[in-house]
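Notes follow once the structure below has been shown.
The values are calculated or read from the model by the stated rules, or taken from the named source; none is laboratory data. Bear in mind the structure is a predicted one, so any value in this text is a computation, not a measurement. Every residue, glycine among them, receives a Cβ derived from its backbone with ideal geometry; neighbour counts consider all protein chains shown. Note: areas computed on protein heavy atoms with side chains; ligands, DNA, RNA excluded. Shrake-Rupley method; radii C 1.70, N 1.55, O 1.52, S 1.80 Å.
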Amino acid sequence: MKISKVDPYNLIVEDNPLYPGIVGVPLSMIALYKLIQLISEGNVFNKEFFGTLVCFIITLFVTGFMTQFRKFHFNVGEKHLYWRRIGLFGFKSGAVPFSNIKKVVFEASPSWRTGKTHATIRLALSTNEGTIPLTHYNSGSIFKKECESIAKLVHDALGEDHSRFIEDSILELVSAGKKIQAAILAKEHYGFTLTEAKKFIDELKPS
């Protein structure tokens, strides 16, 4: 995700992930070619056929899920957000007035790669109608810093206070009933133990 334009009247944030498509599309095409070859030879309903079919479906699904081109245009003059998300499996877009956007927040999810005591995160807009994801779930200090920089610019465009960004993110998770994810986010950001993170959440007060 990158900032493609920022000035007093516009903030445009874009995400154009090429690598999933570059890797995934050729793999899915190879699997599809193999499937067609097996069918033409009459080699169906065997282990090789079903293995290739599973490979094709998984590769296509993962590629389609990860290859989503996103654009978020915060029009400060009009006080509206215009967004669109284009992927292999569909197209979504919308327009949201700034008055319906509450905050930019981190959302956390336990990571299958690093275990339940760590989290992957994504940046999202908390609105009166729900959340709008700005990024995919990811992990790592570089990704986290990039998200924090983008969140600061978005809050500036919205005219919102950015100083309680992490606290607001944790509170948003707590209010959604996701106390485990909130504890994980607090633990990773502040360096707490899990017990300290749970205590912090219990004592955290809304702004």
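For the residue pairs Lys5/Lys198; Lys47/Lys92; Lys145/Lys178; Lys2/Lys79; Lys5/Lys187, the C-alpha atoms sit more than 31 angstrom apart in Lys5/Lys198; Lys47/Lys92; Lys5/Lys187. Modelled label positions at Asn75 and Lys179, each set 7 Å beyond Cα in the direction of Cβ, lie 4.4 nm from each other.
Placing unit charges on each Cβ (+1 for Lys and Arg, -1 for Asp and Glu) gives the chain a dipole about its Cα centre, and among Thr120, Phe98, Phe61 the Cα reaching farthest toward its positive end belongs to Phe61.
Rg/Rh, computed from the Cα trace of the chain with Rh as the Kirkwood radius, has the value 1.08. Once each of the GluC sites (Glu not before Pro) sitting in a DSSP loop with at most 10 other beta-carbon atoms within 10 Å is removed, the chain keeps 42-128 as its longest stretch. Working note: Debye formula, equal point scatterers on the alpha-carbon atoms of segment 90-190, no solvent; log10 I(q)/I(0) at q = 0.13 Å⁻¹ is -0.44.
Rounded to the nearest 20 debye, the dipole magnitude of the chain is 260 debye, with +1 charges on Lys and Arg beta carbons, -1 on Asp and Glu beta carbons, and the Cα centre as origin.
The string of couplings for segment 128-141 from the Karplus curve (6.51, -1.76, 1.60, θ = phi - 60°) is 5, 9, x, 10, 10, x, 8, 9, 6, 5, 7, 9, x, 5 Hz, one whole number per residue in order, with x for Gly and Pro.
Counting every C-alpha pair in segment 138-199, the share spaced more than 12 angstrom apart comes to 71%. About its Cα centre, what dipole magnitude does segment 155-196 give when the only charges are +1 on Lys and Arg Cβ and -1 on Asp and Glu Cβ, stated in debye to the nearest 20? Dipole magnitude for segment 155-196 comes out near 300 debye.
On the accessible surface of the chain, probed at 1.4 Å, how many percent belong to carbon and sulfur atoms? On the chain, the fraction of accessible area on carbon and sulfur atoms equals 61 percent. Per residue, the solvent-accessible area of segment 47-187 (1.4 Å probe, heavy atoms of protein chains only, all protein chains present) comes to 52 Å². Mind giving me the FRET efficiency for Ser149 and Leu27? R0 is 30 Å, r the Cβ-Cβ distance, nearest 0.05 is fine. Efficiency, rounded to the nearest 0.05: 0.35.
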